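Written out below as structure tokens is the structure these notes cover.
Please treat every number below as a calculation from the coordinates, not as lab data. Predicted model only: the values in this text are computed from it and were never measured. Quick reminder, even Gly has a Cβ in these numbers, built from the backbone with ideal geometry, and neighbours come from all protein chains shown.
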Amino acid sequence: MDPKPIITVLFLISATVIAAQEYVRPPPRKALHFPWSRKPSSLPQQVHISFAGDKHLRVTWVTDDKSAPSVVEYGTSSGKYSSVAQGESTSYTYMLYRSGKIHHTVIGPLEHDTVYFYQCGGQAPEFQFKTPPAQFPITFAVAGDLGQTGWTKSTLDHIDQCKYDVHLLPGDLSYADYIQSRWDTFGELVQPLASARPWMVTQGNHEKENIPLLKDGFQSYNSRWKMPYEESGSSSNLYYSFEVAGVHAIMLGSYTDNDEYSDQYRWLKADLSKVDRQKTPWLLVLFHVPWYNSNKAHQGEGDSMMAAMEPLLYAASADIVFAGHVHAYERTKRVNNGKSDTCGAVHITIGDGGNKEGLAHKYKNPPPEWSVFREASFGHGELNIVNSTHAFWSWHRNDDDEPVRSDQVWITSLVSSGCVAEKTLELTKILTEP
Ligand SMILES: [Fe+2]
């Protein structure tokens with residue numbers, strides 16, 4: 001008997017079995033350990049930038065030298081600084097730790113889509129950033145729960161390879177967890193990216209660091225990652241909004257009061273009443289604890305915030321909600337009130353930046369009808385908003401040099417589907433309720 005047909009059949013069977021096998025995830029990577037040593041005292045460290053109102057950016061950096069000036073010199077040619085801005089500074093103590101001098105300096109007005117060169121405190125080295133475009137298209141990189149492990153480095157390296165305008169981070173930054181020098185090492189780790197593009201962050205549970213009777217929460221986070229809350233009419237750095245290139249983005253706090261009688265809720269209503277969907281057709285929302293989560297980790301933790309705020313965000317036709325906290329990736333259909341709804345938001349959990357706690361592997365089965373794609377792998381997302389009607393969302397595994405699929409989808413805006421127009425009266429009613 002000719003053995004060739006049998007060999008061919010065996011080959012085909014084995015190939016089919018291999019193709020059907022579950023994707024094999026690479027092993028965990030170790031936490032990075034940085035030798036933390038004091039730098040020359042006036043050297044700018046941990047440089048990052050963030051939006052600070054229309055056409056303005058806030059430059060933040062740290063010096064050991066308490067007399068170092070909070071000055072930023074900047075311009076559009078390397079080494080030639082045509083403008084200078086004076087800022088403010090702060091510092092904090094945390095048990096035995098004393099922070100360096102934390103400088104916050106707002107610069108602008110800046111041109112759109114332009115590369116600027118800058119120096120902090122009159123000291124080399126020179127940094128550079130690119131401002132976002134005035135209009136679409138615009139691309140956001142999205143990654144939460146970063147930490148500072150080998151996987152974090154991998155995530156940042158992947159983001160660095162993509163062309164993007166703004167980084168969005170839905171909470172859990174450094175995983176300092178009370179050890180304050182880890183905030184410094186995290187600042188150094190992200191500086192190459194965060195000094196070059198605006199990093200817009202909101203806080204997670206790992207930013208709290210409160211000690212009953214001794215320390216209020218969020219002291220380190222608020223001191224180091226000042227966001228444009230004053231510029232957006234908020235009284236707290238824990239919730240704020242910003243606008244860029246046809247997008248209104250709202251950053252909420254999962255760990256500050258968020259019920260209907262809270263300051264945060266009142267501020268959210270006031271902020272939504274200012275949104276002009278002609279000017280900003282896309283409405284994005286970020287917070288840390290997901291509302292739609294079919295992973296077994298952190299089940300139900302977002303329920304009370306969801307009960308209070310989802311009706312408001314639904315009436316306001318929020319397009320996409322990004323959350324973190326669960327160390328995995330999940331994307332939903334458009335949803336509201338626990339089920340699919342064509343006028344609801346797409347919810348994306350992207351707490352897979354690379355933290356030290358590892359991935360959340362266990363899922364509820366069968367998946368809820370609203371869950372489209374879910375996987376426990378480290379990675380990042382990219383949201384390319386092409387115009388007022390269409391955006392392309394993609395999720396990228398860090399080990400995407402292997403031939404494995406990642407998630408991608410075109411999302412159409414609620415302005416274009418008519419939901420925003422349909423709900424005008426409902427929104428007005430909810431916003432004007434006392
Ligand atoms: Fe978290």
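The table that follows gives values for the structure above.
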item	result
Prolate/oblate/rounded label for the stretch 53-173 (Cα gyration tensor, a/c 1.5)	oblate
Relative contact order for the stretch 138-432, counting Cα pairs under 8 Å that sit 6 or more residues apart, in percent	19
Percentage relative contact order, the stretch 170-296, counting C-alpha pairs under 8 Å, at least six apart	23
Residues 95, 200, sorted so that the one with the fewest Cβ neighbours within 10 Å comes first	95, 200
Normalised contact order of the stretch 293-434, rounded percent, pairs of Cα under 8 Å and 6 or more residues apart	22
Contour excess over end-to-end distance, with Cα ends at residue 260 and residue 365 and 0.36 nm allotted per residue	34.5 nm
Taking 322, 136 and counting other C-beta atoms within 10 Å, the order from fewest to most	136, 322
Reach of residue 163 by Cα under 21 Å, taken over lysines that are not fewer than 8 positions away in the same chain	55, 130, 153
Residue exposure sequence - 282, 410, 370 - by fewest surrounding Cβ within 10 Å	410, 370, 282
Helical contribution to [θ] at 222 nm, DSSP H n ≥ 4, -39,500 (n - 2.57), averaged over the chain, rounded to 500	-6000 deg cm²/dmol
The stretch 356-434 shape via C-alpha gyration tensor axes, a/c threshold 1.5	prolate
Longest site-free stretch - the chain; sites: GluC sites (Glu not before Pro), DSSP loop, at most 12 other Cβ within 10 Å	112-368
In nm, spacing of pseudo-spin labels at residue 93 and residue 410 (7 Å Cα→C-beta vector)	6.0
Unpartnered cysteines - no second Cys beta carbon under 4.7 Å - across the chain	120, 162
Cα gyration tensor category, rounded, prolate or oblate, for the stretch 138-432 with a/c compared to 1.5	rounded
